[in-house]
Amino acid sequence: MAINRIMRVALRALSYTDIDMKKTYRFHRTVIHLKNFHLRKLPYQTWDHVVSFENHNIPVRIFAPDDEGIQSILIFFHGGGWVTGNIDSYNRVCANMANMTGHIVVSVDYRLAPEYHFPAAPEDCYRVVQEIFLHTDLLHIPADKITLIGDSAGGNLAAAVSLMARDRGEFLPARQILLYPATYFDHTAQSPYASVRDNGTKYLLTSKRICDYMELYKASDDDLQNPYFAPLASKDFSCQPKTLIVTAEYDPLRDEGEDYGLRLKDAGNKVEVRRIPDALHGFFSLPPVFRQVRECYRIINDFLSEGSEQ
């Protein structure tokens, strides 16, 4: 299937060029900041908040849809390879998400690598989720109406937080939505996943870029076998939330995301895995005028509606 030319142009504007991220990540952050500067002040009501954790504060931004009487939350972790992106650069995505789903969206500004290596990011995300779950009076939403969601590296973090929640026993999300998540540790030619080789050189996000991100993110090689770094490294996939995994046809991360869904399902969890045809990594950041984005929201809303009926 040929990739839609307009989608390719739009995604190219997201700056997934094959540069040496290990040397240029600061420049890349600056480009993202400047590109999204005009989106920082939205014609949309938001609230900024901080969650304290150890010796620092974790900023969060709360987006409420236009509908009144909202009774559900999406806690969102942004993508960017654990190295780039922030709550400002995802303003428009989160505003669209709130309106398209009718949920309150809580966007988490976790610490980035390489200044803060693993496990800083998942620990920050866990702390925010813990705060919301254990203090439901903050947003007046019951715990069973809270869903974790993230795209790419954010999908990895959502999966990691769910594993951490099971292992630590303080709470457990009812649902998680993983959008083209990174779940494995090897994206070289030796990867067991064909999509890394088939889609890893010519579809904007390259396997080299993913390897660069992971090199910046990890604290040591031991992290590669840590399930909170690479969820597929887990020895136990049981007792996980009801899960929706959405992958993109022309994404190097496609197969590992789908395999994670199979591992969860084999362990007895309720899982839905959906592949968006004619889509590339990062498509969820595009406006809903794109067919692939609208289809993704249709799948998400069906999933959330099923959860609300239980």
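The values are calculated or read from the model by the stated rules, or taken from the named source; none is laboratory data. For clarity, every value in this text was computed on a predicted model and none was experimentally measured. Please note: Cβ atoms are built from the backbone with ideal geometry, for glycine as well, and neighbour counts cover all protein chains shown.
Here are the numbers for the structure shown:
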| read-out | value |
| --- | --- |
| Inter-residue pairs, beta-carbon under 8 Å, first touching a residue at least 40 places away in the same chain (Cβ under 8 Å) and over 14 Å from Pro65 (Cβ atoms) and in region 85-106, second of a type in the set (Lys, Arg) and assigned to a helix (DSSP H, G or I), 6+ apart | Ser89/Lys35 |
| Residues of region 141-170 classified as hydroxyl-bearing (Ser, Thr, Tyr) and under 22 Å from Glu306 (Cβ atoms), total | 2 |
| Out of Pro287, Pro227, sole residue that is farther than 18 Å from Gly81 by Cα, outside any helix (DSSP H, G or I) and either out of contact with any Pro (no Cβ under 8 Å at 6 or more places or on another chain) or modelled with pLDDT of 95 or more (or both) | Pro287 |
| Among the residues listed as Ser238, Ser305, the single one being without any contact (Cβ under 8 Å) to a residue 12 or more places away in the chain and polar (S, T, N, Q) | Ser305 |
| Residue identified as assigned to a helix (DSSP H, G or I) and surrounded by fewer than 24 Cβ atoms within 10 Å (Cβ to Cβ) among Asp88, Asp167 | Asp167 |
| Region 59-82, residues that are touching a helix residue (DSSP H, G or I) at 6+ places or on another chain (Cβ under 8 Å), on the phi < 0 side of the Ramachandran plot and either crowded, with 23+ Cβ neighbours inside 10 Å or not in a loop (DSSP other than H, G, I, E, B) (or both) | Val60, Arg61, Phe63, Ile73, Leu74, Ile75, Phe76, Phe77, His78, Gly79 |
| Selected residue [farther than 27 Å from Cys296 by Cα, part of a loop (DSSP other than H, G, I, E, B) and modelled with pLDDT of 95 or more] from Thr183, Thr188 | Thr188 |
| Filtered residues of region 199-223 (kept if modelled with pLDDT of 95 or more and assigned to a loop (DSSP other than H, G, I, E, B)) | Lys218, Ala219, Ser220 |
| Among (1) closer than 25 Å to Ala219 by Cβ; (2) out of contact with any strand residue (DSSP E or B) (no Cβ under 8 Å at 6 or more places or on another chain); (3) surrounded by fewer than 22 Cβ atoms within 10 Å (Cβ to Cβ) - the single one Glu123 does not satisfy | (2) |
